[in-house]
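Have a look at the structure below before the remarks.
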Amino acid sequence: MSSNTTLSFPRRPFPDIATSELFMHFRCNNNPLSEFEAQVFKDQTLSAALGNLSAVESHIEDLESQLAAAVAERGRCQQTVDECHGVLSSLRGFPPEILTEIFRWSCIMSNNVVDIAQGPWLISHVCSVWRRIVLSTPSLWIYISLCNSFLLHNRRTYPSDSCALLRAALSRSKDLLLRVNFRKDIDLEGGAHGAARRINNDWLDIVMGASERWQHCYFYFHQGAGDERRLAVVKGRINQLETLGVQFSSAFRSAVVEVVDTFQIAPKLWSVEFYEVNCHRFKLPLAQLTRVREYWDRILFEGQDMGPPPQKPLDSLQRYMAYSPALRHLHLAHHLLSKHPSYDAPLISHTLLRSLTITDEYLLDILDLPSLEELNIKSRFCPLRDSGHNDDIPDCPRGCTNRS
C-alpha cells in the first residue's frame, strides 16, 4: 500500500467556472439562456463537472476499500498482540485453588443457572484447563438460581433445553448442599405464555427433587399462582435447610389465606426472612430460630379495605417473643401510615435477644430485653399530611433501654 497516495483531478477543457465571465453573468441573474448558450453550457461546463464528480467518487471508493483492508489487518494484528499477552499472562501460573475461588465468585453472581452465557457454563468454554477445573469442582455448581424472565427474554438457550441444563448442573454438584434462588418475577398465568409456564413449573419440580440437599433457599412468587402450595411435596425432606426466604410480589393480595406447613419440619433451620408475607401463613420450627427478618413495604391504611390485612408488627413481635426462646436477632420492617400512640398489651420480655430493628418505635413501650446489645429504629412512619399528627412523638426508646 502506497503511503503517499494523492488525490488528482482530470484536466479541465474549459475555463475556470468561478472566473468565467459568462458563468458569472448567468449566475447573478435569472435571464434565460438561448438554445445555443444552453447547449454549449451543457456540452462543456456541465459535462466536465460531471466527469470530475465521477472521478472523485471512484477515487473515494478506492480509498474506502483500502481503509477497510487496513482496518481488517489492524484487527488481525491486535488479535495477535492479545494472544501474545495471553501467553505471557501471570494467570497461567495461578494454582487451581486460586482459579477455583475466582470462579466461585463468578458463579455466585450468576442470576440463572440455565443461562449458558454466564456462570460455570461460560467459564468452561474459555479453555481446556478451565473446563477441567469447572467440571471437577462440584462446589461451582451448587448455586441454583432460576428466574422465569429468562424464558421470555433469553435467546441464547431454547427454553426446552433449560431443563436439561438444570439437571446437568444438579448432577455436577454431586452430593453437596445447594443454594437455591427461585424467582418467579413475571406473571406467566396468561394463555400466551403456556409453554413458558410449563417450563417454569418443570424447573420447580426438578429443584424440589433435590430438596434433601437444600441448605439456603429463597423463593419469590408472583401473584396468587399457588406455587408455595406446590412446595408441600418437600415436607419432611428438608433436613439440611438452614436459611429460608419467602417473598410475594407487591401486587399479591390473595383472597385465600392458607396455612403452609412445608417448613415445619426442618431440624437445622435457624434463619427466616419474609417479604410481603403474613408469617402466620407459614408453620415454622419457631423454637429453634435465632434470626428473623420480616418486611412489609405496603402501607397500612386505616379504614380502607385492601384485602386480607398484612402482618401487624405487634402480632409478629408477640409471636416470636413467645415461641422463639433462642432468638438472637429480630428485624421487623413494617411500613406504617397509621399512628399508634400506645399499645394496650402486657410487658413482653425476652432474655436472649441481642439485636432488634423495628420501624414502629411504640413497640418499645412494652419490651423488656435484658440482653439487648444493639437497637435500630428505622422509622418508616408516614403521618398523613395535614392530619394533625406531625408532632408530639414520644421518646419511646428511653423506657426500653432503662429496662434493658
Completion exercise
With 0.36 nm assigned to each residue of separation and the Cα-Cα distance removed, ASN31 to ASP205 gains 53.9 nm
Problem - Amide H partners (placed H, <5 Å) of TYR295, local residues excluded - result: PHE274, TYR275, GLU276, VAL277, ALA333
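Given a Förster radius of 45 Å and the C-beta distance between HIS329 and ARG131 as r, what FRET efficiency does 1/(1 + (r/R0)^6) yield to the nearest 0.05? Working shown, then result.
Working: r = 42 Å, r/R0 = 0.93.
Taking R0 as 45 Å, the efficiency between HIS329 and ARG131 is 0.60.
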Problem - Over 24 Å between alpha carbons, listed pairs LYS268/LYS378; LYS184/LYS268; LYS174/LYS235; LYS268/LYS312; LYS184/LYS312; LYS235/LYS378 - result: LYS268/LYS378; LYS184/LYS268; LYS268/LYS312; LYS184/LYS312; LYS235/LYS378
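A short reminder: the numbers here are calculations on the coordinates, not readings from a lab. Note that this is a predicted model, so its numbers are computed, not measured. Note that we place each Cβ from the backbone using ideal geometry, even for glycine, and neighbour counts take in every protein chain shown.
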